[in-house]
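Each remark here refers to the structure printed beneath this line.
The values are calculated or read from the model by the stated rules, or taken from the named source; none is laboratory data. The shown structure was predicted, so the numbers you read here are calculated from the model rather than taken from an experiment. Here the Cβ is made from the backbone with ideal geometry for all residues, glycine too, and neighbour counts use every protein chain on show.
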Amino acid sequence: MLTIVHFSDIHLGQDHRGDAGERARRRAEQVMAYVEALPGPVDAVLVTGDLADNGLPAEYRDVAKALTSRYPVLLCPGNHDTREPYREVLLGEEPSGGPVNRLHALPGADVLMLDSSIPGRHDGLLDEETLGWLDRALAEGPADRPALVAFHHPPVTLHLPYVDPIRQFGEERLAEVLGRHPRVRALLCGHAHTAAATVFAGLPLLVAPGVVSTVPLPFEGRAEIIFDQPPVIAFHLLDDDGRLTTHYRVVAPA
């Protein structure tokens, strides 16, 4: 059984309420304290983007500290992230503006973390370099080895007016690549600041809750962004038959 903890959108730095990021930092630490206290076993912690709020080097140093874990931590950029300091601070690499894509071989499955960010914009796109990398990485792995594909922007409408205009576009290109690789079991993303589940290209698309805030549906009658609800995380369980089950947990203050 492969067990992955999944959350998204910690936005460390000057957060949306202008409190110099203290609130965002406290919420990220609250989530990580919960994860670290789990008896386990957990195979990885997966965070699907918007790690920093302004993409600054100092914010990524805070991200590295906040996400310190006894488990492997798998990351990808979001629209609030900046590739050059992300790559330099979090990955220890030379600054580069190219997409940040990574393959992580976990026990029993590959997890492919893709960069759906577009520098200078808030909507998302998997560019040709990223899609080519995904196609090759999936083809190179054994056909019977399950794979999970993760990125920041959901490639579908979620019926959230605050999020849908800045979702991932050009999604038909992603669907074409996925159609060539039946070993992919599910897609994991963030960006929406709400837990959601739907289907894309015949696969489960599981949207992680946001840590820093929650985005409600229009008929809930709330503000566009809610700050007073506790953070939520997802547990993805991939069994030996390749079936994925997801559970969600509210992380209340200690």
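Looking at the range 169-181, can you tell me whether even one residue there is over 13 Å from the mean Cα position of the chain (by Cα), at pLDDT below 95 and either within 28 Å of V251 (Cα to Cα) or among the acidic types (D, E) (or both)? Scanning the range 169-181, I find no residue that is over 13 Å from the mean Cα position of the chain (by Cα), at pLDDT below 95 and either within 28 Å of V251 (Cα to Cα) or among the acidic types (D, E) (or both), so the answer is no. Yes or no: V207 over 26 Å from I226 (Cα atoms) and crowded, with 16+ Cβ neighbours inside 10 Å? No. For the range 170-191, a residue qualifies if it is farther than 23 Å from S117 by Cβ, in contact with a strand residue (DSSP E or B) (Cβ under 6 Å, 6 or more places away or on another chain) and in a loop (DSSP other than H, G, I, E, B), and exactly one does: R183. Applying the selection to the range 201-233, what residues are of a type in the set (G, A, S) and either outside any loop (DSSP other than H, G, I, E, B) or touching a helix residue (DSSP H, G or I) at 6+ places or on another chain (Cβ under 7 Å) (or both)? If the condition is that a residue be of a type in the set (G, A, S) and either outside any loop (DSSP other than H, G, I, E, B) or touching a helix residue (DSSP H, G or I) at 6+ places or on another chain (Cβ under 7 Å) (or both), then A201, G210 are the ones that fit. A search for C-beta distances below 9 Å between a residue of the range 101-115 that is in contact (Cβ under 8 Å) with a residue 24 or more places away in the chain and farther than 8 Å from C76 by Cα and any residue that is outside any loop (DSSP other than H, G, I, E, B) and of a type in the set (K, R), counting only pairs 6+ apart in sequence or on different chains, returns A109/R185; V111/R102; L112/R102.
For the residues T198, T130, T194, the requirement of being part of a strand (DSSP E or B), β-branched (V, I, T) and either touching a helix residue (DSSP H, G or I) at 6+ places or on another chain (Cβ under 9 Å) or at pLDDT 95 or above (or both) singles out T198. Quick one: is G97 touching a helix residue (DSSP H, G or I) at 6+ places or on another chain (Cβ under 7 Å), of a type in the set (G, A, S), under 22 Å from E129 (Cα atoms) and surrounded by fewer than 16 Cβ atoms within 10 Å (Cβ to Cβ)? Yes: the conditions hold for G97. Please indicate, with yes or no, whether at least one residue in the range 30-38 is over 19 Å from G210 (Cα atoms), in contact with a strand residue (DSSP E or B) (Cβ under 8 Å, 6 or more places away or on another chain), of a type in the set (S, T, Y) and at pLDDT 95 or above. No: the range 30-38 contains no residue that is over 19 Å from G210 (Cα atoms), in contact with a strand residue (DSSP E or B) (Cβ under 8 Å, 6 or more places away or on another chain), of a type in the set (S, T, Y) and at pLDDT 95 or above.
Give the range 84-100 a look and list any residue that's within 21 Å of K65 (Cα to Cα), in contact (Cβ under 8 Å) with a residue 24 or more places away in the chain and assigned to a loop (DSSP other than H, G, I, E, B), or say none. Listed by number, the list holds a single entry, V100.
Scan the range 23-74 for residues that are hydrophobic (A, V, I, L, M, F, W, C), in contact with a Leu (Cβ under 6 Å, 6 or more places away or on another chain) and crowded, with 20+ Cβ neighbours inside 10 Å and the total you get is 7.
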